[in-house]
Amino acid sequence: MTAPNDTQALKALVGDRVHLDEALKAADVAPLLMVLIHLGGDPAWLDRIAPHIQGPWSFHEHTPDALKAELRQAVADLLADYASTGRQLPITPPMHLLPRMLDVCTGQKVPAEYYPMVLEEMDLAGDDPKTVKWREPVARETLDHFNVLVIGAGFSGVAMGIKLKEAGIAFTIIEKNETVGGTWYENSYPGCGVDTANHFYSYSFNNNHDWDHFFAKRDEIFHYIQRNSDANALGDQIRYNEEVTSAEWDDAAQLWRVEIRGNDGKSSSATANVVVSAVGQLNRPQMPTIPGMDDFEGPAFHTARWNHEADIAGRRVGLIGTGASGMQVGPAIAPIVDNLTIFQRSPHWAMANPLYFETVSDDKKWVLKNIPFYAKWFRFQLFWSSSDGFHPMLQIDPNWPDQKRSLNAANAKIREQLEAHIASELNHDPELIRKSTPDYPPYGKRMLRDNHWYRMLTRTNVDLVTDHIDHIEKDAVVTKDGVRHPVDVLVFATGFQARRMLSPMHIQGRDGVTIRASWGEDDPRAHLGMTMPGFPNLFLIYGPNTNLAHGGSAVFHSECQIRYIMQAIRELVETGATSVEVKEKPFWDYQERVDVAHRGMVWSHPGVTSWYKNAAGRVTQNSPWRLVDYRNMTEVFDPTEYEFRGGATGSEKAA
Ligand code: NAP
């Protein structure tokens, strides 16, 4: 973005008016209107364009062409005026107009409780308001005696590294892969990509104006993470091809003792004052146990371990699983395989979005890069379109009559729209519609993006099998009805061991308590998803009950968690305390609040099975909160909820 005080850049921008006028044609109306109000402050424009914006996506806007042209001209004229007068661009929009601006920009009512979060997320000044700054100068030698070990260099681990580096804190990231990226490195299956628009699914402190797609594929996202790591020279602090096998808290020494195994088999040890796990929830593939699996003679692999050596072109491929991964693989490989047999245990809901397939034009990239604040408003628009708006739809209305199929009036409405989409995409084929329509309410499992999945099902070389699998033979999958489905290659899109969080690491806290003993096999719990009693100086990013399943971006949640963790670290460093550990009461109070909130939500619906809940039916993975709630809960680290040892404010633990 042209910097607010860069008059030269602004002059250059308006100097080539022909190019500016042409490029502005690529701008979306809503963010461009926001730029005009932000910089010009004329509310009349809001009234003129508001009736034409009916929702937060660009395709919800139907402004007449003549009015659009007028808007573009007004923006170009305003920029020219700023350039000629040398006035500085205002960083903040006219605050008295902000409420109306947000409403018009989204075509919806944006409640006042969102304003602080929205301004923070837009980062208008470009100085990352989520950055945690020292409250008082910290002596170099204090920092010299403090270090953090981060496990994992995925989206979250890299962001954690960037923030630790900015604060001047020594850290090491242990990464089991040969490079950064985590899930975006490991998953390289055909069609792999993201379901959240990238101009929002990216760091708020480093917007990327060069996304080639609104919904990028794996390589683009992986390279974005890599670029962020490189730009911050994190490479020196990352130990690749090494895996943390064990971390034990040494209470006498007040530090973590960590065991690390290299891919070459060599082991080493490290100590750290603080350990931050950034391993996420979806890093250990879940292979099913199906009788005869080992007898299969062809290539067989999980989507997260795609075998690029296996030639699938012209072969008969069996795809087991139709979740987010399966739904992306199918349409990507159907055109090249001889036959694709899809084994579906239960259908998933999938929503269409016209931008899903669109590329970002060069002119649009230019606008994002050059028109002051355009990218910020564009990000806000996407943020709103994929966030809390869906949350009410996931709440069970106890008086709703049709509980099995939907939860409330809004949920029923969405169901109607989704059913209409499915029917139309499947050419109204009754058999395919029956097989593809879930019997549970929308959002019960993760809402997927229709990646032309339904159209793919109408292909003559694709079979959708809904009878359950009985066993596998050397060259076929046999279903319970006795039908033998010959296949040459088997792809398992069967998800991840999400609930067995932090597995297979051995993590032992104070008094010899281990994570497994504390959580059991599948009941992970943490205060605000980040801290556990008995595990001092251990923090989790993307931990229990932090998965976003109503909308939003996992990156947003990670940034909230990183801010909170950085504040906890600041508390340790500034006070000289040696450990910080959440108290039992706030921890259990939070668990209660989470469980109560979940009881009224779709994931607790008895008709739904998913990786979101454990064997006992407790929702362990998802956050029940709106983004604004979680952001507010984690904005300020509350030291009264924690026990400190050592240092100026630390109190010795009661015996
Ligand atoms: P998933 O959502 O857990 O789906 C696993 C699929 O495998 C389900 O269809 C499941 O059926 C089926 N399955 C599991 N065990 C089976 C068995 N023994 N026999 C037959 N079918 C079996 O896993 P995923 O698709 O890898 O997605 C996991 C998560 O990763 C997503 O929810 C999302 O958070 C993330 N992800 C995101 C994207 C994206 O942004 N586009 C892409 C991929 C993954 P049931 O439904 O009947 O259990």
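Looking across R516, R499, one residue alone is assigned to a loop (DSSP other than H, G, I, E, B) and open to solvent by 20 Å² or more (accessible area, probe 1.4 Å). It is R499.
In the stretch 122-143 there is no residue that is within 27 Å of K266 (Cα to Cα) and not acidic (D, E). Screening V244, V279 for residues that are touching a residue at least 24 places away in the same chain (Cβ under 8 Å), outside any strand (DSSP E or B) and assigned by TED's automatic domain parsing to the domain that holds D144 leaves exactly one candidate, V279. Output yes when any residue across the stretch 334-345 is within 16 Å of the ligand (Cβ to nearest atom) and free of Cβ contacts under 8 Å to residues at least 24 places away in the same chain, and no when none is. Among the residues of the stretch 334-345, not one is within 16 Å of the ligand (Cβ to nearest atom) and free of Cβ contacts under 8 Å to residues at least 24 places away in the same chain, which makes the answer no. Can you tell me which residues in the stretch 334-348 are farther than 21 Å from Q286 by Cβ and either crowded, with 24+ Cβ neighbours inside 10 Å or hydrophobic (A, V, I, L, M, F, W, C) (or both)? A334, I336, V337, L340 - these are the residues of the stretch 334-348 that are farther than 21 Å from Q286 by Cβ and either crowded, with 24+ Cβ neighbours inside 10 Å or hydrophobic (A, V, I, L, M, F, W, C) (or both).
Taking the stated definitions as given, is V636 within 30 Å of D402 (Cβ to Cβ), of a type in the set (A, V, I, L, M, F, W, C), exposed (fewer than 13 other Cβ atoms within 10 Å of the Cβ) and at pLDDT 95 or above?
no
Exactly one residue out of E521, E559 is farther than 15 Å from E581 by Cα, surrounded by 23 or more Cβ atoms within 10 Å (Cβ to Cβ) and assigned by TED's automatic domain parsing to the domain that holds V594: that is E559. What are the residues in the stretch 260-276 that are closer than 30 Å to T303 by Cβ and free of Cβ contacts under 8 Å to residues at least 40 places away in the same chain, if any? The answer is R261, G262, D264, G265. Of the residues screened, G318 is not one that is of a type outside the set (F, W, Y), more than 21 Å from H471 (Cβ to Cβ) and within 15 Å of the ligand (Cβ to nearest atom).
For every residue, the table says whether it meets (1) open to solvent by 30 Å² or more (accessible area, probe 1.4 Å); (2) assigned by TED's automatic domain parsing to the domain that holds F539; (3) in contact (Cβ under 8 Å) with a residue 24 or more places away in the chain.
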| position | (1), (2), (3) |
| --- | --- |
| P288 | yes, no, yes |
| H302 | no, no, yes |
| N307 | yes, no, no |
| I312 | no, no, yes |
| R316 | yes, no, yes |
| G323 | no, no, yes |
| G326 | no, no, yes |
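Does the stretch 218-241 include one or more residues that are of a type in the set (D, E, K, R), open to solvent by 50 Å² or more (accessible area, probe 1.4 Å), closer than 28 Å to V329 by Cα and assigned to a helix (DSSP H, G or I)? Full working, then the answer.
So in the stretch 218-241, the residues of a type in the set (D, E, K, R) come out as 218-220, 227, 230, 236, 239.
Subset that is open to solvent by 50 Å² or more (accessible area, probe 1.4 Å): 219, 227, 230, 236, 239.
Narrowing further to those that are closer than 28 Å to V329 by Cα: 219, 227.
If we keep only those that are assigned to a helix (DSSP H, G or I) as well, we get 219, 227.
For the stretch 218-241, residues of a type in the set (D, E, K, R), open to solvent by 50 Å² or more (accessible area, probe 1.4 Å), closer than 28 Å to V329 by Cα and assigned to a helix (DSSP H, G or I): present.
When the stretch 562-593 is filtered for residues that are within 17 Å of S623 (Cα to Cα), buried (at least 22 other Cβ atoms within 10 Å of the Cβ) and hydrophobic (A, V, I, L, M, F, W, C), only I562 remains.
The values are calculated or read from the model by the stated rules, or taken from the named source; none is laboratory data. None of the values given here were measured: they were computed from a predicted structure. With ideal geometry, Cβ positions are generated from the backbone for all residues, glycine too; neighbour counts draw on all protein chains shown. With ligands, DNA and RNA removed, areas are computed over all heavy atoms of the protein, side chains included. Shrake-Rupley method; radii C 1.70, N 1.55, O 1.52, S 1.80 Å.
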